[in-house]
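A short write-up of the structure that comes next.
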């Protein structure tokens, strides 16, 4: 589990730095570029469309893990818009809270049967 946590921390820091550099060079204008590439039916658009599927799946999983409670739905929306920056931090925290119990990490504490 330590390797997993280190991996999540490395991803979080790497994407945070990359994002900060990108924003400083190009501003916050992500949405028109993201959807514009998809509309153009290019390879970057195909990648964005594929990635959007992962974002939606991530948001659905986070919401499900919290039993679609209000807090879970909010976290799910943050997962969709926050991407791996959110998910890496979420998994780092959840893996610590679950004390390395993978079943609890994946399904949430309320779904674990001992």
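The values are calculated or read from the model by the stated rules, or taken from the named source; none is laboratory data. Note that the structure is a prediction, hence the values are computed from the model and not measured. As a convention, Cβ positions derive from the backbone with ideal geometry for all residues, glycine included, and neighbour counts pool all protein chains shown.
Out of 73, 85, I need the residue that is under 30 Å from residue 98 (Cβ atoms) and over 11 Å from the mean Cα position of the chain (by Cα). Which one?
Working: 85 fails: over 11 Å from the mean Cα position of the chain (by Cα).
Checking each option against the conditions leaves just 73.
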With respect to the numbered conditions (1) without any contact (Cβ under 8 Å) to a residue 24 or more places away in the chain; (2) surrounded by 12 or more Cβ atoms within 10 Å (Cβ to Cβ); (3) touching a helix residue (DSSP H, G or I) at 6+ places or on another chain (Cβ under 8 Å), which one is the sole condition not fulfilled by residue 7? (3)
Given the criterion surrounded by fewer than 16 Cβ atoms within 10 Å (Cβ to Cβ), modelled with pLDDT of 95 or more and touching a helix residue (DSSP H, G or I) at 6+ places or on another chain (Cβ under 9 Å), identify the matching residue among 75, 87, 91, 56. 56
